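The values are calculated or read from the model by the stated rules, or taken from the named source; none is laboratory data. Worth saying up front: this structure is predicted, and the values here are computed from it rather than measured. As a convention, Cβ positions derive from the backbone with ideal geometry for all residues, glycine included, and neighbour counts pool all protein chains shown. Surface areas here come from the heavy atoms of the whole protein model, side chains and all, with no ligands, DNA or RNA. Shrake-Rupley method; radii C 1.70, N 1.55, O 1.52, S 1.80 Å.
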Amino acid sequence: MSEQKRRLVPEDLYKFVTVSDPQISPDGEVVAFVRTHVDPETKEPRSHIWLVPTTGGQPVPFTQGSGSDRSPRWSPDGRTLAFVSDRSGDKQIWLIDRHGGEARQLTQMRHGASNPVWSPDGRYLAFTSAVGPEDRREMLTRPRAEADRKAEEKRARDEARTFTIMRWRENSVGIKPDRRAQIWVVPVPAPGEPLPKPVQVTWGYYDHGAVTWSPDGRWLAFAANRTADESFRVRDVFVVPLPDPDSPAARASVAPPVPGAEEPGEEERKALAGRLEQAAAEAAAAFRPRNITGGIGAFSLARFSPDGKTLAVLGHQNEYQNATQPKIYLYPVDGGDPRILDHWDLEIGDSVGADVRPGGRGVEVTWSPDGQWLYVPVTHRGACSVYAFPVSGDRPQLLLGGRREISGGTFDRSGQRLAFVAGSMYEVGDIYVYDVLTGQEWRLTHVNAGLFAEIEWPEVEELHFKARDGWDLHGWLMKPVGFREGQKYPLVLEIHGGPHTCFGHAFYQEMQLLAAAGYGVLFVNPRGSTGYGQAFVDAVRGDYGNRDYTDLMDAVDHALTFGWVDENRLAVTGGSYGGFMTNWIVTQTDRFAAAITHRSISNWVSFSGTPDFGPFFNQAQHKVDDPWSPEGVQELWRVSPLAYVRNVKTPISIMHSEFDYRCPIEQAEQFYMAIKFYGQAPTELVRHPRSNHDLTREGPPVLRVDRFHKILRWFGKYCPPNKD
């Protein structure tokens with residue numbers, strides 16, 4: 001059987017199809033989802049919306065064209081689908097009838113529009129669109145003209161930027177534009193009616209998101225950090241009232257029409273300036289948000305209960321800084337202290353890592369129709385499942401699990417059917433439906449079935465073993481493809497990033513490629529990983545390079561007991577925190593024949609001032625209050641691989657993206673330069689162009705394939721696999 005199959009190759013990335021964002025219709029009869037493939041000519045990803053009946057049948061494309069479509073959202077009556085598309089240039093919100101036909105454009109926002117959310121009565125859509133201090137209000141609801149684009153490009157080329165904020169760049173964005181995401185509401189017109197003017201609901205130099213409506217449509221809840229604290233320690237949930245669209249406050253927040261040319265003349269602008277300033281002030285006062293969570297911690301999203309009296313909010317109060325497990329807070333909408341549900345030491349959310357992911361992280365937090373349960377994603381021992389938390393505070397129940405990652409999902413109106421995406425170590429992911437009443441589950445798509453049937457996949461064994469100090473450890477050992485008893489094989493130790501993420505039941509092409517090339521792959525969850533309780537995830541803070549390091553070495557020792565691992569052909573690799581740990585390992589031991597470090601950290605001292613999130617990571621993870629004090633610098637240098645770089649004798653390839661603002665490339669440059677200076681180990685610096693910290697997961701496919709080849713080349717040279 002195996003002779004008829006082939007081995008996975010890097011170029012198979014171009015053939016993978018992913019499905020994501022499954023949105024079941026309110027009546028539970030059909031699922032809209034996003035299907036993404038790599039364009040064979042451009043080698044760039046393209047996404048369109050597809051439909052599939054929940055009873056089964058052939059999935060069909062619902063949108064098409066040269067652009068990409070995403071974020072499908074059903075109207076409450078199930079007749080219309082709103083979605084985001086770049087078919088007209090910038091991303092805007094479009095509408096299409098459930099039974100097909102031409103899509104019609106709903107927004108023409110100057111800086112694009114995204115994240116559509118229907119009001120409960122289907123008359124309005126809330127969305128987010130950026131606003132900058134220099135944006136003229138009369139132009140915000142009009143698309144940018146070509147002259148505007150050229151003017152912006154000229155300013156970016158010829159004018160220096162001035163910043164007064166700490167977090168002036170962001171990994172996924174780059175240098176931050178002088179704009180912030182605001183929430184808008186727009187009436188939904190009937191077909192043939194003119195486009196209505198959106199109403200701006202949030203104001204101020206803050207980013208707003210995670211919008212949800214109250215059941216009566218009178219309130220919006222959203223999440224934002226509206227304080228001077230730019231760290232990840234503060235994020236609040238707010239509610240804001242929505243007056244009648246014809247009220248003076250609503251009219252004040254709508255950009256007034258401008259007669260004549262699209263761009264008003266200088267005199268017109270002067271005449272409008274005073275009126276616009278006054279209108280903006282009136283609207284900002286009318287839409288004054290009320291802080292529900294009160295600045296006590298980091299809260300990510302909220303959901304109104306079916307009766308509208310309670311807000312379920314996910315978040316925490318920084319008890320363990322950014323290692324704190326989220327909890328469910330039940331806030332009275334009218335004000336008052338929350339009731340906190342016991343989370344039974346479960347990790348709420350999806351933190352399972354993967355390098356081919358369809359998108360979305362866990363099932364959407366959802367109330368049951370009777371208001372007695374909350375459905376949430378939970379990461380536990382490498383799997384992401386769906387749990388039902390009783391509002392009573394009793395023990396949560398597993399609703400939908402298995403050795404897999406459930407990476408997105410929505411319920412129908414009745415709460416009976418759940419559409420979701422699930423993947424595993426051997427499947428990128430497909431659409432499924434689960435019936436809550438019957439407990440039955442069925443599969444609706446098989447997007448990679450033909451391709452995956454061609455390939456010979458490795459065996460994977462789950463590991464349970466003890467650390468040297470008695471802590472329980474968990475991981476997996478992947479055998480080389482074509483494994484034969486009695487032979488010795490090289491082994492690659494993979495180390496995940498975070499550190500507060502985990503390896504688990506999700507698809508990693510990198511690991512599968514290493515197994516296809518003849519390597520065993522060891523991937524475990526050392527202290528600091530999620531899914532094993534609060535004490536475990538917090539154990540790495542203030543202890544980098546100590547017990548996390550020995551956990552990994554104990555894992556290698558455990559793998560050697562299986563008898564087929566060649567102790568003279570051990571390799572190590574990892575990215576982000578895993579890159580730090582790879583750097584740390586080669587400064588502490590010579591047991592590895594080769595190493596590859598990706599998007600890594602080598603110098604925690606310089607890392608205080610260079611990443612996009614500022615010094616807050618060092619403060620939280622290394623328990624250093626003042627990272628620039630003599631004591632802080634001393635502690636950070638003590639746990640920096642660069643402090644021990646003279647010990648490196650392992651051949652190491654240092655790979656980094658040019659526009660990585662999470663772990664900036666200067667970290668790679670320092671480590672590379674020092675290794676070259678001491679000259680005791682072969683090394684190379686690989687710089688990936690036009691990519692950021694997320695290259696391995698979301699970067700340009702061509703660069704990801706190139707990276708795979710470079711990995712196989714380096715390991716093949718210094719830690720070669722067996723010859724067939």
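Before moving on, here are some points about what is shown:
- Residue satisfying condition, being in contact with a Gly (Cβ under 6 Å, 6 or more places away or on another chain), closer than 28 Å to Asp27 by Cβ and touching a residue at least 40 places away in the same chain (Cβ under 8 Å), within set Val391, Val421: Val421
- Tally of residues being under 29 Å from Leu95 (Cα atoms) and touching a strand residue (DSSP E or B) at 6+ places or on another chain (Cβ under 6 Å) across the range 121-177: 8
- For the range 388-437, the strands (runs of 3 or more DSSP E) that sit wholly inside it and include 2 or more residues that are crowded, with 22+ Cβ neighbours inside 10 Å are 405-411, 417-424, 427-435.
- Criterion violated by Val237 - all others in (1) assigned to a strand (DSSP E or B); (2) surrounded by fewer than 20 Cβ atoms within 10 Å (Cβ to Cβ) satisfied: (2)
- Those helices (runs of 4 or more DSSP H) lying entirely in the range 664-724 with at least 2 residues out of contact with any Leu (no Cβ under 7 Å at 6 or more places or on another chain) and at pLDDT 95 or above: 666-678, 701-718
- Verdict on Asp39 being in contact with a strand residue (DSSP E or B) (Cβ under 8 Å, 6 or more places away or on another chain) and either at pLDDT 95 or above or open to solvent by 30 Å² or more (accessible area, probe 1.4 Å) (or both): yes
- Evaluating His48 against the criteria (1) touching a Phe, Trp or Tyr at 6+ places or on another chain (Cβ under 9 Å); (2) surrounded by fewer than 18 Cβ atoms within 10 Å (Cβ to Cβ) leaves one unmet condition, (2).
- Every residue from the range 669-697 that is open to solvent by 60 Å² or more (accessible area, probe 1.4 Å) and touching a residue at least 40 places away in the same chain (Cβ under 8 Å): Arg697
- Enumeration of residues in the range 593-608 that are in a loop (DSSP other than H, G, I, E, B), open to solvent by 10 Å² or more (accessible area, probe 1.4 Å) and either of a type in the set (A, V, I, L, M, F, W, C) or free of Cβ contacts under 8 Å to residues at least 12 places away in the same chain (or both): Ala593
- Taking the range 546-574 as the range and being touching a residue at least 60 places away in the same chain (Cβ under 8 Å), open to solvent by less than 10 Å² (accessible area, probe 1.4 Å) and not hydroxyl-bearing (Ser, Thr, Tyr) as the test, the residues that pass are Asp551, Ala555, Val556, Ala559, Val565, Leu570, Ala571, Val572, Gly574.
Let's see how each residue does on (1) modelled with pLDDT of 95 or more; (2) out of contact with any Pro (no Cβ under 8 Å at 6 or more places or on another chain); (3) on the phi < 0 side of the Ramachandran plot; (4) not in a helix (DSSP H, G or I):
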{"site": "Val492", "(1), (2), (3), (4)": "yes, yes, yes, yes"}
{"site": "His505", "(1), (2), (3), (4)": "yes, yes, yes, yes"}
{"site": "Glu510", "(1), (2), (3), (4)": "yes, yes, yes, no"}
{"site": "Val524", "(1), (2), (3), (4)": "yes, yes, yes, yes"}
{"site": "Gly531", "(1), (2), (3), (4)": "yes, yes, no, yes"}
{"site": "Asp543", "(1), (2), (3), (4)": "yes, yes, yes, yes"}
{"site": "Ala555", "(1), (2), (3), (4)": "yes, no, yes, no"}
{"site": "Phe562", "(1), (2), (3), (4)": "yes, yes, yes, yes"}
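- Residue tally, condition surrounded by fewer than 18 Cβ atoms within 10 Å (Cβ to Cβ) and under 26 Å from Val436 (Cβ atoms), over the range 59-79: 3
- Failed condition for Glu631, given (1) within 18 Å of Arg707 (Cα to Cα); (2) open to solvent by 20 Å² or more (accessible area, probe 1.4 Å): (1)
- Positions within the range 445-493 being under 30 Å from Thr54 (Cα atoms), open to solvent by 80 Å² or more (accessible area, probe 1.4 Å) and without any contact (Cβ under 8 Å) to a residue 60 or more places away in the chain, in sequence order: His446
Conditions tested, residue by residue: (1) outside any strand (DSSP E or B); (2) within 24 Å of Glu364 (Cα to Cα); (3) touching a residue at least 60 places away in the same chain (Cβ under 8 Å).
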position	(1), (2), (3)
Glu11	yes, no, yes
Asp21	no, yes, yes
Gly28	yes, yes, yes
Ala32	no, yes, no
Arg35	no, yes, yes
Gln58	yes, no, no
Pro72	no, yes, no
Asp77	yes, yes, no
Val84	no, yes, no
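- For Asp430, the criteria (1) closer than 18 Å to Pro22 by Cα; (2) touching a Phe, Trp or Tyr at 6+ places or on another chain (Cβ under 9 Å) hold in every case but one, which is (2).
- Among (1) on the phi < 0 side of the Ramachandran plot; (2) out of contact with any helix residue (DSSP H, G or I) (no Cβ under 9 Å at 6 or more places or on another chain) - the single one Lys15 does not satisfy: (2)
- Matching residues in the range 505-535 - criterion: being hydrophobic (A, V, I, L, M, F, W, C), open to solvent by 10 Å² or more (accessible area, probe 1.4 Å) and more than 17 Å from Tyr426 (Cα to Cα): Ala535
- Residues that are under 26 Å from Val572 (Cα atoms) and part of a loop (DSSP other than H, G, I, E, B) within the range 612-659 comprise Val639, Ser640, Val648, Lys649, Thr650, Pro651, Glu658, Phe659, listed in sequence order.
- Annotation: of all residues in the range 212-234 being among the aromatic types (Phe, Trp, Tyr) and open to solvent by less than 50 Å² (accessible area, probe 1.4 Å), the one that is farthest from Gly294 (Cα to Cα) is Trp213.
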